[in-house]
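Working notes for the structure below.
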Amino acid sequence: MTSSSRLGLLLFGVYTVIYAAFVLLNAFAPTIMESTPVGGMNLAVLFGFALIIIAFVLSLVYGYLAVDAEEPAKQEGGDA
């Protein structure tokens, strides 16, 4: 397994844990998700937007780190 594959699985695991927290809160503590901590928007909506932003940020992290991880392998292989 390449280092970029491991990185992808790690970031997928991080996102899965965050998403599982969202689902479990909705299933078992809906009153918490009904609270309105910011600007009259309930926590479920804020958490949903956060999930989208986190997915985007994790994809940027993967893109940045996976390219850096693959650079030495490309240099060692020479021109193909």
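Only the coordinates and a few stated rules stand behind these numbers; no lab work does. Bear in mind that the values here come from a model prediction, so they are computed numbers and not experimental data. Here Cβ is always computed from backbone atoms with ideal geometry, including for glycine, and neighbour counts include all displayed protein chains.
Output yes when any residue across region 8-25 is in contact with a helix residue (DSSP H, G or I) (Cβ under 8 Å, 6 or more places away or on another chain) and outside any helix (DSSP H, G or I), and no when none is. No, every residue in region 8-25 fails to be in contact with a helix residue (DSSP H, G or I) (Cβ under 8 Å, 6 or more places away or on another chain) and outside any helix (DSSP H, G or I). Inspect all residues belonging to region 34-42 and state whether any of them is assigned to a helix (DSSP H, G or I) and either touching a Phe, Trp or Tyr at 6+ places or on another chain (Cβ under 9 Å) or surrounded by 10 or more Cβ atoms within 10 Å (Cβ to Cβ) (or both). No, that holds for no residue. May I ask you to list the residues in region 11-26 that are over 13 Å from F56 (Cα atoms) and either surrounded by 14 or more Cβ atoms within 10 Å (Cβ to Cβ) or polar (S, T, N, Q) (or both)? Answer for region 11-26, where residues must be over 13 Å from F56 (Cα atoms) and either surrounded by 14 or more Cβ atoms within 10 Å (Cβ to Cβ) or polar (S, T, N, Q) (or both): T16, I18, Y19, F22, L25, N26.
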